[in-house]
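The values are calculated or read from the model by the stated rules, or taken from the named source; none is laboratory data. These figures come from a predicted structure and were not determined experimentally. Cβ coordinates were reconstructed from backbone atoms using ideal geometry, including for glycine residues, and neighbour counts include every protein chain displayed.
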């Protein structure tokens, strides 16, 4: 749904709180429990479990039965419209980065240049840099091959190695304009954009540091402990970025080919593997395009051809398509597998790239269906009504409102839009800077990602981890980011008095 949807921005009347609101929240809790039972205990596929839970929620919440499938399919279609092309083009980029050796080169640069201790900080910086202008999902698919190769070289699970990247991407997404929800909250609260960006970057870096390298260090110790459930639950591979076979640098042209034979034995000439510079070009090109689109009105006159072209190229789907085409031209000539170097090889590479994301796409469609049923049920308004009943300081109230919608509905964007829409009329009389209200709302919008959040299933699918492991890593990370973001905002409110 659009963040400006009036259904989620209307004022909430506390007098309207009824037993039905409590029943709706109980239905949401029951849906979460049902999902945990189906997916976690009975080992049902996540897409099927999400579909069953969504349809059960719609029936239990009192939505007319004939409208439950409509809400489900509308939510699934909206999710696919948002994510399908991004994920598909990201899969092509990931396959090219891996098959050309570019991901290996950049991974080697990070691991060998920064060392084991410096790697989490390098990945955090990369996550923040990419996360400032692009959506979380785009940044994730762009950086997955680098995370996987760095994990392979360090001998640690990709999920743990990727925590700093995820922390940087998520913190920037919720706190910093030009991301849509943060920009909407800035406009709703009539906050100044420059302070929001400056203070949001400060709070976001602190939160991402605790949620990234610090949490990484804690979970690595837990993973290394004998008998830890994380040790067997976190695999060493992931959907994107499985690197090509690599031999000793002394091996020269005798690199492993398909089926275990070498290219030297077959008499084939392999291209020189791509370097770290080409990897950075592939990753940062869509970032630059999206950033240029965001600044189009500042550098060109509105309505002119350059302005329209920048806006067009800066749309995330378009930017990812352009990046995939450029990567095919620059990295396609460097692919190492003989099967991809023959006639029609790049077409086969593209088809192979789509195969691993089939399951994540179906899971995300079902998660979108669940979100659609949640919206149709009125659970968001019920959560807001209960949160508004608590008397608390303004910044804490903004955080709690966003957190209540986030936990009950799963969408960070909806959570931020709802909280900002409710508090906007009172923002000028609350006695706090509106810029801090934006940060508090953003921090609340990412609390406790769990089974009703499409991002939860995206992380689990890409890193090939089960529900329990996703809760123990990704959900903990999001909660740390949320609480640290709130603490940083409260500290700023004291310092800026």
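A few points about this structure:
- Whichever residue in the stretch 174-199 is under 18 Å from the mean Cα position of the chain (by Cα) and modelled with pLDDT of 85 or more and, among such residues, is nearest to residue 428 (Cα to Cα): 175
- Matching helices (runs of 4 or more DSSP H) fully within the stretch 107-208 where at least 2 residues are under 28 Å from residue 96 (Cα atoms): 136-154, 158-161, 163-175
- Condition broken by residue 342, with the remaining ones in (1) free of Cβ contacts under 8 Å to residues at least 60 places away in the same chain; (2) under 28 Å from residue 135 (Cβ atoms) satisfied: (2)
- Residue in the stretch 64-87 that is nearest to the chain's Cα centre (by Cα), counting only those that are modelled with pLDDT under 90, over 14 Å from residue 369 (Cα atoms) and surrounded by fewer than 24 Cβ atoms within 10 Å (Cβ to Cβ): 86
- Residue match in the stretch 456-467 (condition: closer than 18 Å to residue 423 by Cβ and part of a helix (DSSP H, G or I)): no
- Of the set (1) surrounded by fewer than 14 Cβ atoms within 10 Å (Cβ to Cβ); (2) within 24 Å of the chain's Cα centre (by Cα), all apply to residue 292 but (1).
- Unique residue being within 16 Å of residue 143 (Cα to Cα) and modelled with pLDDT of 85 or more when the list is 310, 281, 289, 305: 281
- Exactly one residue among 493, 475 is in contact with a helix residue (DSSP H, G or I) (Cβ under 9 Å, 6 or more places away or on another chain), assigned to a helix (DSSP H, G or I) and under 13 Å from residue 394 (Cβ atoms), and that residue is 493.
- The set of residues in the stretch 203-241 that are surrounded by fewer than 16 Cβ atoms within 10 Å (Cβ to Cβ), touching a helix residue (DSSP H, G or I) at 6+ places or on another chain (Cβ under 9 Å) and free of Cβ contacts under 8 Å to residues at least 24 places away in the same chain comprises 222, 224, 225, 228, 231.
- Residue among 427, 387, 420 that alone is assigned to a helix (DSSP H, G or I), farther than 27 Å from residue 30 by Cα and either more than 27 Å from the chain's Cα centre (by Cα) or at pLDDT below 75 (or both): 427
- Note on the stretch 332-343: among residues that are in a loop (DSSP other than H, G, I, E, B) and at pLDDT below 85, the one that is farthest from residue 271 (Cα to Cα) is 343.
- Residue 327 touching a helix residue (DSSP H, G or I) at 6+ places or on another chain (Cβ under 7 Å), exposed (fewer than 13 other Cβ atoms within 10 Å of the Cβ) and either farther than 20 Å from residue 138 by Cα or touching a residue at least 40 places away in the same chain (Cβ under 8 Å) (or both): no
- Residues (surrounded by fewer than 18 Cβ atoms within 10 Å (Cβ to Cβ) and either part of a helix (DSSP H, G or I) or modelled with pLDDT of 90 or more (or both)) located in the stretch 313-322: 317, 322
- Filter pass, residue 184 being out of contact with any helix residue (DSSP H, G or I) (no Cβ under 8 Å at 6 or more places or on another chain), on the phi < 0 side of the Ramachandran plot and surrounded by fewer than 24 Cβ atoms within 10 Å (Cβ to Cβ): no
- Any hit, the stretch 14-22, residues being surrounded by fewer than 19 Cβ atoms within 10 Å (Cβ to Cβ), more than 25 Å from the chain's Cα centre (by Cα), at pLDDT below 75 and not in a helix (DSSP H, G or I): yes
One line per residue, one yes/no per condition, for (1) surrounded by fewer than 24 Cβ atoms within 10 Å (Cβ to Cβ); (2) without any contact (Cβ under 8 Å) to a residue 60 or more places away in the chain; (3) more than 13 Å from the chain's Cα centre (by Cα):
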{"site": "89", "(1), (2), (3)": "no, no, yes"}
{"site": "93", "(1), (2), (3)": "no, no, yes"}
{"site": "104", "(1), (2), (3)": "no, no, yes"}
{"site": "116", "(1), (2), (3)": "yes, yes, yes"}
{"site": "119", "(1), (2), (3)": "no, yes, yes"}
{"site": "131", "(1), (2), (3)": "no, yes, no"}
{"site": "147", "(1), (2), (3)": "no, no, yes"}
{"site": "150", "(1), (2), (3)": "no, yes, yes"}
{"site": "163", "(1), (2), (3)": "no, no, no"}
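- Residue within the stretch 266-275 that is within 27 Å of residue 85 (Cα to Cα) and either modelled with pLDDT of 85 or more or assigned to a helix (DSSP H, G or I) (or both) present: no
- Hits in the stretch 272-287 - residues which are farther than 14 Å from residue 324 by Cα and in contact (Cβ under 8 Å) with a residue 12 or more places away in the chain: 272, 273, 274, 275, 276
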